[in-house]
Amino acid sequence: MNLGGRALMGLLFFPRGGSSQVVRYLARFLPDAGWDVRVAAGSLGAEGEPTHA
């Protein structure tokens, strides 16, 4: 039975790092379950500020 579909999630990471691995693993394995996966990423902050990735 294929229960796949489409979902939209907003994820915030602080501090940046290990939490982003969750997105990587989900994006890799959800398509096998029939889900349409797209990842969009960005950062907030002016260049030179600690919040600028």
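Taken over the stretch 7-44, residues that are on the phi > 0 side of the Ramachandran plot and modelled with pLDDT of 75 or more amount to 1.
Taking every residue in the stretch 26-48 that is in contact (Cβ under 8 Å) with a residue 60 or more places away in the chain and pairing it with any residue that is surrounded by 10 or more Cβ atoms within 10 Å (Cβ to Cβ), at least 6 positions away or on another chain, yields no pair with a Cβ-Cβ distance below 6 Å.
The values are calculated or read from the model by the stated rules, or taken from the named source; none is laboratory data. Everything numeric here is computed off the predicted structure, so don't read it as measured data. Neighbour counts run over all protein chains shown; Cβ positions are idealised from the backbone, glycine included.
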